[in-house]
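K.L.:
Take a look at the following structure, please.
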Amino acid sequence: MALDRRRRRISHDSIADYLHRRAVRFSQKLKKQSTYEKFVWDKKIQRDLLNLEGDLNLYFSVKAEMKMQRKRLSEIDRLRRMKEEKRILFPSRHNNKSEEHNSSISDSDRDDEDFQVETPPKSVTTPPAAHDEDEDDLSCLRKPRFEYRVQTGYEWNKYNRTHYDHDSPPPKFVQGYKFDVHYPDLVGKVPTYEIEKDGDRFDTCIIRFRGGPPYQDLAFRIVNGGDWDYSSKRGFRCTFEGGILRLYFNFVRCRYRR
């Protein structure tokens, strides 16, 4: 025998009342007087009271608020100047910190396109048989700061759609690279790049960035994925603006044919 079940009609007012009572219970649990009250730390209140000058009425005014705003901006400018002075006085320490930060950068994964940060390969800066004078000149040069990203992904062509799905996607392959090399002290010269052979290997090659003094040459081992796609619509970019050489390129995608 089937039971006659009546559906309970819930109005919008009952939902709003329920949410309000739930918010009140949550605020009482946090020992707050009102759900709309702005929380302020006790130490901040004590600090503000200690920084008062003169009458309290003058403190709660537009003029006093502007004065505190100028004070905060001057403190921010002072910290920024101190940071710039440390960067100028200790350039090697700043470059090491930036390299450690760049090595720890990672982007979020995507289904069709993935950016991964790999350990940058060693830069080839000195020849195998170098003289003492060349070593002294190279010791004065410094390694430029850089950011290095690898673009990987897969294509949903007819073959992959037939043999794979979203639960078991096809294997990813390298689709392109992105390089950001910083040359802030390079004046009157534009850095260049060139592709070199990686010994007897055919699957990889060497891309070398040349900026000239006071910077060393920077070399990376990349995948030899074929011809580059020089179309700007496909992501190609090679510019030198603001002391930063940006080189973004993707490989030409081969269409699947039977």
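No lab work stands behind these numbers, since they all come straight from the coordinates. Keep in mind the model is a prediction, meaning the values are calculated, not measured. Don't worry about glycine lacking a Cβ; one is built from the backbone with ideal geometry, like all the others, and counts go over all protein chains shown.
K.L.:
Working out 0.36 nm times the residue gap between residue 89 and residue 187, then minus their Cα-Cα distance, what length gain in nm do you get to one decimal? Kindly include the intermediate steps, with their values, before the conclusion.
P.N.:
Values: separation 98, 0.36 × 98 = 35.28 nm, distance 1.98 nm.
Answer, rounded to one decimal: 33.3 nm.
K.L.:
Here is a follow-up. Less than 10 Å Cβ to Cβ from residue 216, Lys/Arg counted +1 and Asp/Glu -1: what total charge do the surrounding residues give?
P.N.:
Working: positive: 142, 143, 210; negative: 217.
Around residue 216, the charge tally is +2.
K.L.:
May I pose another question? For residue 67 and residue 210, compute 0.36 nm times the residue count separating them, minus their Cα-Cα distance, and round to one decimal in nm.
P.N.:
46.5 nm
K.L.:
State, to one decimal in nm, how far the label point of residue 174 lies from the label point of residue 24, with both points 7 Å from Cα in the Cβ direction.
P.N.:
6.4 nm
K.L.:
Which links in 83/143; 143/233; 143/172 stretch past 24 Å when you go from one Cα to the other?
P.N.:
143/233; 143/172
K.L.:
Sort 240, 90 so that the residue with the fewest other Cβ atoms within 10 Å of its own Cβ comes first and the one with the most comes last. The partial results should precede the final answer.
P.N.:
Values: 240 17, 90 12.
Ranked by crowding around the Cβ, least crowded first: 90, 240.
K.L.:
What is the distance, in nm, between label points placed 7 Å from the Cα along the Cα-to-Cβ direction at residue 231 and at residue 14?
P.N.:
5.9 nm
K.L.:
Counting other C-beta atoms within 10 Å, which of 233, 172, 158 has the fewest, and how do the rest follow?
P.N.:
233, 158, 172
K.L.:
Would you order 205, 238, 140 from fewest to most other beta-carbon atoms within 10 Å of each residue's own beta-carbon?
P.N.:
The most exposed by this proxy come first: 140, 238, 205.
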